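What follows is a single structure, written as structure tokens, with notes after it.
Read the figures in this text as sums done on the coordinates, not as results from a lab. Remember, predicted model here, so these are calculated numbers, not experimental data. Neighbour counts run over all protein chains shown; Cβ positions are idealised from the backbone, glycine included.
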Amino acid sequence: MGQDDLVGVGLDLEPQTLINAYSSGLFPMRLRGRRGPLGWWSPDPRGVLPLDGLRVSRSLRAATRRFTLTVDTDFDAVVAGCADRRRPGGWIGPDIQVAYRRLFDLGVAHSIEVRDPASAALVGGLYGVAVGGMFAGESMFHRSRDASKVAVVELVRILTSDEVTGRLLDVQWTTPHLRSLGAVDVQRPRYLAALSAALELSPPPPFRSRTT
């Protein structure tokens, strides 16, 4: 995180506040863990995963066949997995979970669930926010190897399923995990231009059915 990535502190987690923030290129994350003040971030550079640049290794392709995938069937469990206190650097507290559940109820937040097909146990997933043709990935987790990567592969498939071009997959900051999948850094002006264009587009079908 650079010193210019934090652009504001305060406000609230009301649904419209969050929607306006994402539409402006901002997202919330608390400072100093779950009990710190609410910060609003606009990283420069910004991590994005180009939808035509997803890297799927041979082992990851094989992993996609080991799991069962669903969309928006267990949002609370996915967020709880991401909020697990045993995870290093965890900052997702109860208020964040409630706020994004409210967005889910409005059809704005979405989850992808990755399950073990034998036991149906949740072994990974991700959640994020869809506004127009922009999807902002908030967090992901895994309990089985490659489960979170499989969730990303499914997310890209969803975002490209109807061949609409110009959608944007925002991953906030790049990490080695995300770079291995093809995530890149872009400067803030380029990100904001891509965001503006993406907001004019429709969500992909699996997300559109809950927002129209």
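In a Gaussian network model over the chain where Cα atoms closer than 10 Å are linked, find which of 25, 53, 182 has the largest mean-square fluctuation.
Highest fluctuation among the options: 53.
For the stretch 43-169, what does the convex hull of the Cα positions come to per residue, in cubic angstrom?
Looking at the stretch 43-169, the number lands at 128 Å³ per residue.
Take the eigenvalues of the Cα gyration tensor for the chain, scale each by 5, and report the square roots as semi-axes in whole Å, largest first.
Square roots of five times the eigenvalues give 24, 20, 18 Å.
Which of the trypsin sites (Lys or Arg not before Pro) across the stretch 130-212 are loop residues per DSSP, with 15 or fewer other Cβ within 10 Å?
The qualifying sites are 143, 145.
Tell me, 4, 162, 116 in order of fewest to most beta-carbon neighbours within 10 Å?
Ranking 4, 162, 116 by Cβ neighbours within 10 Å, fewest first, gives 4, 162, 116.
In debye, nearest 20, what is the charge dipole magnitude of the chain about its Cα centre with +1 on Lys and Arg Cβ and -1 on Asp and Glu Cβ, if you could check?
780 debye
Based on other C-beta atoms within 10 Å, arrange 122, 18 from fewest to most.
Least crowded to most crowded, the residues run 122, 18.
What does the convex hull of the Cα atoms of the stretch 103-206 come to per residue, in Å³, rounded to a whole number?
Hull volume normalised by residue count: 109 Å³.
Any idea what Rg and Dmax come out to for the stretch 85-155 if you just take the C-alpha atoms, in Å?
12.8, 36
With an 8 Å cut-off on Cα pairs and a minimum separation of 6 or more residues, tell me the relative contact order of the stretch 160-212 in percent.
Relative contact order comes out at 52 percent.
Gain in length, residue 59 to residue 31, computed as 0.36 nm per residue apart minus the alpha-carbon separation, to one decimal in nm?
Separation in residues times 0.36 nm, less the Cα-Cα distance, equals 6.4 nm.
Looking at the chain as a GNM with Cα springs under 10 Å, which of 83, 62, 194 has the largest mean-square fluctuation?
Highest fluctuation among the options: 62.
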